[in-house]
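Computed from the coordinates by the stated procedures, all read-outs in this text should not be read as laboratory data. Small disclaimer: the values here were computed from a predicted structure and weren't measured. FYI the Cβ positions are ideal-geometry reconstructions off the backbone, even for glycines, and counts take in every protein chain you see.
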Amino acid sequence: MRWKLSTSAYKRVPSRDAAMDPDLETPARAPDGGAGAAAGPSWRRSLPHVCVATVTSFLFGYHTGVVNEPLDSISADLGFAGNTLAEGLVVSICLGGAFFGCLFSGSVADGIGRRRAFQLSALPMIMGAALSALTNSLEGMLFGRLLVGVGMGLGPPVASLYITEVSPPSVRGTYGSLVQIATCLGILFSLLVGTPVKDIDRWWRVCFWVSAVPAALQAIAIEFCAESPQWLYKCGRTNEAEMQFEKLLGPLHVKSAMAELSRSERGDDGESVKFSELFYGRHFNVVFIGTTLFALQQLSGINSVFYFSSTVFRSVGVPSSLANICMGIANLSGSIVAMLLMDKLGRKMLLAGSFFFMAFSMGLQAIGANRHLGSASVYLSVGGILLFVLAFSLGAGPVPGLLLPEIFPNKIRAKAMALCMSVHWGVNFFVSLLFLRLLEQLGPQVLYTMFSSACVVGAIFVRRHVVETKGKTLQEIEVSLLQTQ
């Protein structure tokens, strides 16, 4: 099913305060009759709130990479050196915790609000980091990493919701890209902090302690940030929603923002949505798009590249430390470019182009897996991986987490994001679990060709099913989608 958005859906929209006045113009004009409000709200008001929210993504990136360098030291100190199963569990048990954290993130965000959900997600991250830093046993390390995983699963979906709901339409794509940039910075910072681990005894404990600091700072700072006006409005706290809009957008834009919320509410039946209702009825199509996008994102092989790139680089004679730095730079560079282009080219073009570019890059890796090519195989393998990471960071990485909260109606946004992120973590887990076994049984050329094919399917899916949301308000997107059903 393909949806088209009407660009004139909000020429006139009544607010809750003047619901019976069909001639109320929005956006509101300045008191002197000027068009000060018509230019759109300033991005400066909402930026500090968005920056606090992206700390969750920084922590996500940090915990993703924190055990890469110190793993040998951890296994030696805790007595499981040489036990590949135990080492694999230390790395991957976060994925299991993240899956369960995701399942509850929607209910938590809807039940206690976005700000309290951030604070709740910081709690297991702090506790898990402290436990991992203090433990003297494998069991303690695994439990600490599991707690961290729960926080990792709970926090990022809430961050995507919050950033989407507090951002002005004109910069929502740019702000959404900050999530990916923060993740890249977290990964790079974890590599930097882990550098002395081979020279300083038990430095790995410091690596875990460091992660507790930003989690604690976020839990404190979010107390001074705005709550999501959409959540407050959905809870019937209209006056508080107006106050938060004034804090985020400025007083000239409060009436127009509340009018749009009122407009979208009249398209709803007002009843809460159960998880089971996401799988049928009028919400099924947008949920299908969301879950499929996240599944294709992981089936592209991106996390297999992140987790096992060091093995690939070593097999062609490239030091793993150099490989990690190069991949981090490629990931960060692409994310910055995506941030600059998100609100200019739009989500759909970046996402489709990213999948096509990833298919091409993975194809280079498949060709490079042929060792009969001699030195050319080294350049194709290394170049293919770096291009693949760059292509991912241009669209397939940042866009789904931004696009899906935009197309999900307010009443299902939190639960639908929880479901989609659970699919993300589930597919991530199985791809990572089976990658080395499939690599051994099928060979790199067949496996990389399969990943490349998944990227082509992703590009076609985006072209056929994904809508463009650039520059639209959340309420305009919601009403327009409902009108097409």
Under the √(5λ) rule applied to the eigenvalues of the Cα gyration tensor, what semi-axes describe the equivalent ellipsoid of the range 275-484? Give them in Å, descending. 34, 18, 14
Remind me, relative contact order of the range 275-484 in percent, using alpha carbon pairs under 8 angstrom and six or more residues apart? 36 percent
With no solvent and one point per C-alpha, what does the Debye sum give as log10 I(q)/I(0) for the range 411-485 at q = 0.21, 0.25, 0.27 Å⁻¹? -1.08, -1.22, -1.24
The pairs in LYS274/LYS348; LYS411/LYS472; LYS247/LYS344; LYS274/LYS411; LYS247/LYS348 lying past 22 Å Cα-Cα in this model are LYS274/LYS348; LYS247/LYS344; LYS247/LYS348
Expressed as an acute angle from 0 to 90° and rounded to the nearest 10, what is the orientation of the C-alpha long axis of helix 375-391 relative to the principal long axis of the chain? 20 degrees
Under 8 Å for C-alpha pairs, at least 6 residues apart: give me the relative contact order for the range 43-225, rounded to a whole percent. 41 percent
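Between rounded, prolate and oblate, where does the range 43-225 land on the alpha carbon gyration tensor, with a ≥ b ≥ c its root eigenvalues, rounded for a/c under 1.5, else prolate if a/b exceeds b/c?
Prolate, since a/c reaches 1.5 and a/b exceeds b/c.
Compute the projected area of the convex hull of the Cα atoms of the range 140-218, averaged over all viewing directions, and report it in nm² to one decimal place.
For the range 140-218, the mean projected area of the Cα convex hull comes to 6.2 nm².
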In the chain, if the dipole is taken from +1 on Lys/Arg beta carbons and -1 on Asp/Glu beta carbons about the Cα centre, which of SER132, MET342, HIS49 is farthest to the positive end? MET342
How are the C-alpha pair distances of the range 275-399 spread across 5 Å bins, as whole percents from the shortest bin up? 2, 11, 18, 19, 16, 12, 9, 6, 3, 2, 1, 0
Convex hull per residue volume in Å³, alpha carbons only, for the range 326-434: 107 Å³
Label LEU322 and LEU436 with points 7 Å out from Cα along Cα→Cβ: what is the distance between them in nm? 2.5 nm
Kirkwood Rh over alpha-carbon pairs of the range 188-260, then Stokes-Einstein at 10 °C and 1.306 mPa s: what D in µm² s⁻¹, rounded to an integer? 102 µm²/s
From the mean inverse distance of alpha carbon pairs (Kirkwood) and the Cα radius of gyration, derive Rg over Rh for the chain. 0.99
List the relative contact order of the chain as a percent without decimals, with contacts defined as Cα pairs under 8 Å and 6+ residues apart. 25 percent
